[in-house]
Amino acid sequence: MPKLEDLNEAQREAAMHVDGPCVVVAGAGSGKTSMLVTRVAELIKAGVPPNRILCCTFTRKATKEMGERIVRDIGPRAKPVVVSTIHGLALRMVMPKMEGWKLVSKTEWMFEVVLGPKSTVNRYGTGFSKELNVEDAMLAIGKAKNSKQRPEQVEDPIVRQVYRAYEDLKKARKMLDFDDLLLKANEFLRTDANFAQKMQSRFTHISVDEFQDVNLVQWDLIRKLAEPHHNLLVVGDDFQSIYGFRGARPELIIC
Ligand SMILES: Nc1ncnc2c1ncn2[C@@H]1O[C@H](COP(=O)(O)OP(=O)(O)OP(=O)(O)O)[C@@H](O)[C@H]1O
Ligand SMILES: [Mg+2]
């Protein structure tokens, strides 16, 4: 059981935060995750049902580590706490609404198809394989999607056409990539009031570790989930790296 008295004063103050928005910035290895784990114990102590607590991170490794630390330090009563990557969360939100659709984790072959020449057997081909290789296309399109850019908003004409073809091919095959999970989750939250209400009432307290890794699309999703209660605590080690977070203040994170 993580004890408040084992933490230093700054950690203790953050770990005891219950309601409302809170931003914590602290150096690498300074005990941020320990603070979050203690906070989970404190929330449970304060009467928050464990299954209404969400701890979110951005990598599977960080999620595994936090999940293990929560159960090891707090015990079996913390098992219902949801510890998830942001993609895992989006997956559980989106897939039940996408019957017949598949998630594809390996998308290289689709980029090969859209970069290849247009032909009777490949109507999605753009013929740009000389100008753009698979890896660069994946990077450029991933970056555009995570900046909320649609194909027509992309400046580079080659990337724009390859992006369009890639989206068309995925749609025709009823496939989603990992970026789509987040975009779809945000779309449903924006356009489906019942869905939004259901998702927003799922968790009463949300913590985000490694917040320096957040991007615009992920931030939209987290912010929207926390909208009704604003019980959102985010922890990171380098907020300077986050667009729009220079000089972040807690009251600014909920906008
Ligand atoms: N107040 C404390 N006193 C002594 N040791 C501590 C304290 N807080 C954390 N630690 C220890 O310091 C180490 C790093 O802690 P932790 O993983 O929580 O840091 P972190 O800031 O999340 O690290 P990272 O930047 O790698 O994510 C752990 O071994 C943890 O047990
Ligand atoms: Mg950590």
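The numbers here are math on the coordinates, done by the rules we state, and not lab data. Keep in mind that what you see is a predicted model, and the values were worked out from it rather than measured. Neighbour counts run over all protein chains shown; Cβ positions are idealised from the backbone, glycine included.
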### Task
Can you tell me the dipole magnitude for the chain around its Cα centre, using point charges on the Cβ only (Lys, Arg +1; Asp, Glu -1), in Debye to the nearest 20?
920
### Hits among lysines - C-alpha to C-alpha of residue 198 under 20 Å, sequence gap 8 or more where chains match
97, 184, 224
### Query
With N residues in region 134-237, what two-decimal value do you get for its Cα radius of gyration over 2.2 N^0.38 Å?
1.23
### Task
Would you mind estimating how fast region 1-57 diffuses translationally, via Stokes-Einstein at 20 °C and 1.002 mPa s with the Kirkwood radius over Cα pairs, in µm²/s?
182
### Semi-axes of the equivalent ellipsoid for region 105-176, Cα gyration tensor, largest first, Å
17, 14, 11
### Task
Could you work out, for the chain, what percent of all Cα-Cα pairs fall into each 10 Å distance bin, beginning at 0 Å and stopping at the bin that holds the largest distance?
7, 28, 30, 20, 11, 4, 0
### Kirkwood-based Rg to Rh ratio, region 23-117, C-alpha trace
1.14
### Query
Got a sec to turn the phi values of region 145-151 into Karplus ³J(HN,Hα) couplings, 6.51 cos²θ - 1.76 cosθ + 1.60 with θ = phi - 60°, whole Hz, x for Gly and Pro?
5, 7, 9, 6, 8, 7, x
### Query
Pairs 64/145; 61/174; 143/170: which are spaced more than 19 Å apart, C-alpha to C-alpha?
64/145; 61/174
### Task
Provide the gained length on full extension for the span residue 112 to residue 197, in nm with one decimal, where the gain is 0.36 nm per separating residue minus the Cα-Cα distance.
26.6 nm
### Query
What full-extension length gain, to one decimal in nm, is calculated for residue 102 and residue 121 as 0.36 nm per residue of separation minus the Cα-Cα distance?
4.6 nm
## Note on the structure
Only helices counted: for the chain, with every DSSP H run of 4 or more residues adding -39500 (n - 2.57) and the sum spread over all residues, [θ] at 222 nm is -14000 deg cm²/dmol
### Query
Relative contact order of the chain: what whole-number percent is it, with Cα pairs under 8 angstrom and at least 6 residues apart?
27
### Query
Between residue 12 and residue 61, what FRET efficiency comes out of the Förster formula 1/(1 + (r/R0)^6) with R0 = 30 Å and r the beta carbon distance, rounded to 0.05?
0.65
